Each structure stands twice: as C-alpha cells, then as structure tokens.
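What follows is a set of notes on a single structure, which appears directly below.
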Amino acid sequence: MAVHELTPEERDQMINKALEKMNIKRRQPSREELEKEIIDYLSKKQPCSLATCSWDAVPRISVVDYANDGLTIYILSEGGDKFKNLKENNKVAVGIGTGSKALKTRGINIWGIADVFTDDTPEFEYGMKIFEPVLKDMAEALGVPFQVPKGILRMIRVTPTKIVYHHTMKGIKHAVWEAP
C-alpha cells in the first residue's frame, strides 16, 4: 500500500476538524505569544530527550534534565557518547512532551545548535546559575548537598533554530517558531 505524505494544508485541515469536534477554537499565536507559551512550558522542567547524531548518521538519544534561559536549553552531564557525537556534529534535537492522551498533549520539538562548555569557562558558570534549581532538587532527593566535581561535568547549551509547539487544550497545534 502506498503511503500518502500529508501536505501542510491537509495536516491543518485534520487539526482543525479534530479541534472543532472537541469544541476547541484553534489559535495561531503571534511570535511574542508563542515565545511566552514556549518559555512557560519549558519552565515546567519536564524530562527531555536530547537527540544527537554522529558524522556517519548514527543517532543517539539521551533522557536528561535541563534548565532554560528563555528559549535556550542548558543540560549538565558527566559524559557519554552524546559528547562524541557533539564533537562530530553539533546539530541536535530536543523533545519534551506531557499528556496521557493524544488529544491532551502538550509538547515541544526543538532543533538547534549545541555548544559544549567545561567548568573552566564563563559559559559553564553561567549555565550552572541557570541550573541551580535542578541541582537543588537533586540535593533534596539525595538528602545531601550536591557536589560538583571539578573536571568531570560539562554543560551543553542548545540554541534553538526551530521550535514546534503543541498545546491541544488551548487550541495550539503545530505552532512554528524559527530563529530570525
């Protein structure tokens, strides 16, 4: 059986019909409204998936904690193959989603450029300030202060180039933000 790839127009028609059946008015937020919605969602600090890919197109996905500064994502990590991939290819994708049913989904897909910083850089220190609430949560979970060993941790900063946002119950589906 041949598969039909939906056109953007066909996708919009399907979304509009589904929202209409749910008695939800579709919203097309302005750029400023969309940025505010995205930042609000990012501030919820859901676990996210960071996708990297090596030079020879072998994908890798890591479930990680993050912190955000506006639309920019910071990820603190001690290592793993993601860093090998990032040396070879700094284009990444991030996925965050919540909702127990498809029609009640709230989520975000981010494409961007990743930069990696070590603890001897000002960018690492800046990321650590952004990451303080996450570290506090880790310390509370452990029951002891979270110690950051020198020379082990690295900070990944993801600067978005494109974001697709969904908040079905608000009528926002496939809202696209792109870097200027």
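Exactly one residue out of 169, 128 is in contact (Cβ under 8 Å) with a residue 40 or more places away in the chain, part of a helix (DSSP H, G or I), over 24 Å from residue 34 (Cβ atoms) and among the aliphatic types (A, V, I, L, M): that is 128. Screening the stretch 55-76 for residues that are among the hydroxyl-bearing types (Ser, Thr, Tyr) and touching a helix residue (DSSP H, G or I) at 6+ places or on another chain (Cβ under 7 Å) and picking the one that is modelled with the lowest pLDDT gives 62. With respect to residue 158, is the statement that it is modelled with pLDDT under 85 and either part of a helix (DSSP H, G or I) or aliphatic (A, V, I, L, M) (or both) true? When the stated conditions are applied, residue 158 does not pass them.
Taking residues in the stretch 37-55 that are free of Cβ contacts under 8 Å to residues at least 12 places away in the same chain and under 17 Å from residue 86 (Cα atoms), and partners anywhere that are of a type in the set (A, V, I, L, M) and surrounded by 13 or more Cβ atoms within 10 Å (Cβ to Cβ), not one pair has Cβ atoms closer than 6 Å while being at least 6 places apart or on different chains. Among the residues of the stretch 155-170, those that are within 17 Å of residue 17 (Cβ to Cβ) and either surrounded by 18 or more Cβ atoms within 10 Å (Cβ to Cβ) or among the charged types (D, E, K, R) (or both) comprise 166, 168. Would you confirm whether any residue within the stretch 96-103 is in contact with a Ser or Thr (Cβ under 6 Å, 6 or more places away or on another chain) and not in a strand (DSSP E or B)? Scanning the stretch 96-103 turns up at least one residue that is in contact with a Ser or Thr (Cβ under 6 Å, 6 or more places away or on another chain) and not in a strand (DSSP E or B). The listed residues are 75, 61, 39, and the only one of them that is crowded, with 17+ Cβ neighbours inside 10 Å and either more than 18 Å from residue 155 (Cα to Cα) or among the aliphatic types (A, V, I, L, M) (or both) turns out to be 75.
The values are calculated or read from the model by the stated rules, or taken from the named source; none is laboratory data. Predicted model only: the values in this text are computed from it and were never measured. Positions of Cβ are backbone-derived with ideal geometry, glycine not excepted, and every protein chain shown enters the neighbour counts.
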